[in-house]
Amino acid sequence: MSDFLLSILLGVVEGLTEFLPVSSTAHLRIVEALLKLDLHDSFWKMYTIVIQLGAILALPVYFWERIMKLLRTFPAGERGDRTILTHPLSLTMIAFVITAIPAWALKKQIGENLENLWVISWAILIGGIIMWIVDLAFTRPKIQQMEEMNFWQAAWIGAAQILSAVFPGTSRSMSTIAAGQTVGLSRPAALEFSFFLSMPTMAVATLYDLYKTIAPNRNTPVEGNLAPLAVSGHQWIVLIIGFVISFVVALAVVAWFMRWVRARGFVPFAIYRVILGIVMLVSLARGLI
């Protein structure tokens, strides 16, 4: 497969799975295993970070008007009943901090789990079962909009998101949506808060990974770093293709998913996760991947 076709494929996979509750990390690892790729090569490692940035960009673009409205009404809120601690933007940052500190402390364990397909497979399966149970059990939400959330609900969702960092395959979307539903958020409210929380969480994590990839490191051989100026013209085209494809696909997925959730639940995604998790575990046991 040519680099250009591979870039399109990986960009589509990233864009499709980043914000659905199915784990983009797991799907990229599956593609890597099936196609016998080495995405740990310096260039392809940077490539996977770049396409994730493309997906992240879809969120502020889609929610631009919503973000501007929240900024204009900060800190009292549109109805004047919010404070600097309970405004949706503040709650987003509170949840982000609660996630970020433990994730930073556990970065070594996280790195090891990213390389373990067994961990990823079990996380996909167990996460699917949890999502299935939660979506069927919590059907009478009290919170219909992010503006009605409180500090403790945001803190709980942030704590739940730690699972997705420590156990790749869990999915940020799955953990935050399910956590939101368990504390009374409606499906649309849980999904919207999940998207808002994804913006700082993914942006900081991805930019940090990009820095580690391209920044000089005296403990790493020169060839282990990939300074931007060392990227060839061919590689720049591959990066741009992946970035654009990931952005466009992710933007379409976010718009579709918001409409879907207003009318339907998350059970189809839970079923998909359960099936995928079982298939992966069986394939690993038989040495197929």
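The values are calculated or read from the model by the stated rules, or taken from the named source; none is laboratory data. This one's a predicted model, so the numbers in the text were calculated from it and none came from an experiment. Here Cβ is always computed from backbone atoms with ideal geometry, including for glycine, and neighbour counts include all displayed protein chains. The accessibility values were calculated without ligands, DNA or RNA, using every heavy atom of the protein model including side chains. Shrake-Rupley method; radii C 1.70, N 1.55, O 1.52, S 1.80 Å.
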The stretch 140-158: number of residues that are open to solvent by 40 Å² or more (accessible area, probe 1.4 Å) and either farther than 17 Å from residue 85 by Cβ or in contact with a Pro (Cβ under 9 Å, 6 or more places away or on another chain) (or both): 5
If the Cβ limit is 9 Å and pairs must be 6+ apart or interchain, which residue in the stretch 63-81 that is closer than 21 Å to residue 151 by Cβ pairs with which residue that is assigned to a loop (DSSP other than H, G, I, E, B) and open to solvent by 80 Å² or more (accessible area, probe 1.4 Å)? 70/78; 73/79; 74/84; 75/84; 75/85
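So that you can scan it fast, the table gives a plain yes or no per residue for (1) of a type outside the set (Phe, Trp, Tyr); (2) open to solvent by less than 50 Å² (accessible area, probe 1.4 Å); (3) modelled with pLDDT under 90:
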{"site": "210", "(1), (2), (3)": "yes, yes, yes"}
{"site": "230", "(1), (2), (3)": "yes, no, yes"}
{"site": "243", "(1), (2), (3)": "no, no, no"}
{"site": "257", "(1), (2), (3)": "no, yes, no"}
{"site": "261", "(1), (2), (3)": "yes, yes, yes"}
{"site": "278", "(1), (2), (3)": "yes, no, no"}
{"site": "287", "(1), (2), (3)": "yes, no, yes"}
Any pair with Cβ under 7 angstrom, 6 or more apart, that starts in the stretch 164-191 at a residue that is open to solvent by 10 Å² or more (accessible area, probe 1.4 Å) and ends at one that is outside any helix (DSSP H, G or I) and basic (Lys, Arg): 184/142
Between residues in the stretch 82-103 that are at positive phi and residues that are modelled with pLDDT of 90 or more and in a helix (DSSP H, G or I), which pairs lie under 9 Å by C-beta distance while being six or more apart or on different chains? none
By residue number, the members of the stretch 53-76 that are crowded, with 17+ Cβ neighbours inside 10 Å and of a type outside the set (A, V, I, L, M) are 54, 62, 63, 73
First in the stretch 37-48 and free of Cβ contacts under 8 Å to residues at least 60 places away in the same chain, second anywhere and in a loop (DSSP other than H, G, I, E, B), Cβ under 7 Å, 6 or more apart: 44/38; 48/39
Of the conditions (1) touching a residue at least 40 places away in the same chain (Cβ under 8 Å); (2) within 23 Å of the chain's Cα centre (by Cα); (3) assigned to a helix (DSSP H, G or I), residue 19 fails just one. Which one is it? (3)
Is the stretch 22-32 home to any residue that is among the charged types (D, E, K, R) and either in contact with a Ser or Thr (Cβ under 6 Å, 6 or more places away or on another chain) or at pLDDT 90 or above (or both)? no
Considering the stretch 106-124, residues that are open to solvent by less than 30 Å² (accessible area, probe 1.4 Å) and among the polar types (S, T, N, Q), and then whichever is farthest from residue 279 (Cα to Cα), we arrive at 113
